[in-house]
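Only one structure is covered here, and it is reproduced in the block below.
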Amino acid sequence: MALNLYYMPLSAPCQSIRLLAKAMNLHINLTYLDLMKGEHMKPEFLKINPQHVIPTLVDNDFVLWESRAILIYLVEKYGKNDKFYPRDPKKRAVVNQRLYFDMGTLYARFAEYYYPAIFENKNFDEEKFKKLEEAFEFLEVYLGKTTYVAGDKLTVADFCILATITTMKVAAEIDFSKYPSIERWYAQLSEEVSGHDEVCVQGAQEMKPFFEAARKAAAEEQ
């Protein structure tokens, strides 16, 4: 078995895969791909992934990208049981819904608010921050009903959303104090999930200067 992951440490989607691999005792060879230097556009990487995004997983002759698809692939192929991805159709459906929620709502709204300011020097759009806060409210409801994001057991959805929330808390310095269920869950998983500090927190610290620079630029324009 030869698993290779093209990644950047500051990427929350990449972090989620590394957390799962650690939890499953899967060895993954890490290949650093610096998007800031355009390394994802080099011909050799385009041959592997024409969409030129990270994370990209190479499992011998099989190539897959999109972090949530990779999470599911790893547990389905290499999981010895259904510990992180339940076989029960209804429980699995909830896990899938939370993964799609992260991709299409939570992480998407975070990116829509911050990334134009960070990477395109555009102004922050406060209406988009309101939409992000709405996503927090949805997550607060989920976690007000269950211990973990998709039920009463740790699943791939937790690894995914933990990486997202860590980036929000550490890199973007978002205050979650008015979301007690999110805070409870985050504190619990920060202790429970092996590698959280070295993978997520350190990665988010690497991302932090981008957010600080965008906030400083916005303040200077006011």
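Before moving on, here are some points about what is shown:
- Cross-chain or 6+ apart pairs with Cβ under 7 Å, segment 204-222 first and of a type in the set (Gly, Ala, Ser), then modelled with pLDDT under 85 and not in a helix (DSSP H, G or I): none
- Only listed residue being modelled with pLDDT under 95 and either within 14 Å of the chain's Cα centre (by Cα) or not basic (Lys, Arg) (or both), chosen from 204, 172, 187, 218: 218
- Output for segment 85-133, where each listed residue is of a type in the set (Val, Ile, Thr) and either over 25 Å from residue 211 (Cβ atoms) or in the same structural domain as residue 16 (by the TED database) (or both): 94, 95
- Hits in segment 115-158 - residues which are open to solvent by less than 40 Å² (accessible area, probe 1.4 Å) and closer than 15 Å to residue 99 by Cβ: 135, 139, 148, 149, 150, 151, 154, 155, 156, 157, 158
- Options 154, 143; residue that is out of contact with any strand residue (DSSP E or B) (no Cβ under 9 Å at 6 or more places or on another chain) and within 25 Å of residue 18 (Cβ to Cβ): 143
- Just one of the listed residues (17, 54, 48, 70) is under 30 Å from residue 119 (Cα atoms), in contact with a His (Cβ under 8 Å, 6 or more places away or on another chain) and not aromatic (Phe, Trp, Tyr), and it is 54.
- Among (1) in contact (Cβ under 8 Å) with a residue 12 or more places away in the chain; (2) open to solvent by less than 80 Å² (accessible area, probe 1.4 Å) - the single one residue 174 does not satisfy: (1)
- Every residue from segment 35-45 that is surrounded by fewer than 16 Cβ atoms within 10 Å (Cβ to Cβ) and either touching a His at 6+ places or on another chain (Cβ under 8 Å) or aromatic (Phe, Trp, Tyr) (or both): 41
- Across segment 9-23, not a single residue is classified as without any contact (Cβ under 8 Å) to a residue 24 or more places away in the chain and open to solvent by 40 Å² or more (accessible area, probe 1.4 Å).
- Single unsatisfied condition, residue 112 versus (1) more than 24 Å from residue 146 (Cα to Cα); (2) at pLDDT 95 or above; (3) open to solvent by less than 40 Å² (accessible area, probe 1.4 Å); (4) of a type in the set (Asp, Glu): (3)
- Scanning segment 131-152 for any residue that is in a strand (DSSP E or B) and either within 19 Å of the chain's Cα centre (by Cα) or at pLDDT 95 or above (or both) turns up at least one such residue.
- Residue in segment 60-78 that is open to solvent by 50 Å² or more (accessible area, probe 1.4 Å), more than 19 Å from the chain's Cα centre (by Cα) and within 26 Å of residue 174 (Cα to Cα) present: no
- Among the conditions (1) open to solvent by 50 Å² or more (accessible area, probe 1.4 Å); (2) assigned to a helix (DSSP H, G or I), the only one that residue 162 does not satisfy is (1).
The values are calculated or read from the model by the stated rules, or taken from the named source; none is laboratory data. Just so you know, these numbers come straight off a predicted model, no measurement behind them. We place every Cβ from the backbone using ideal geometry, glycine too, and count neighbours over all the protein chains shown. Ligands, DNA and RNA are excluded from the accessible area calculation, which covers all protein heavy atoms including side chains. Shrake-Rupley method; radii C 1.70, N 1.55, O 1.52, S 1.80 Å.
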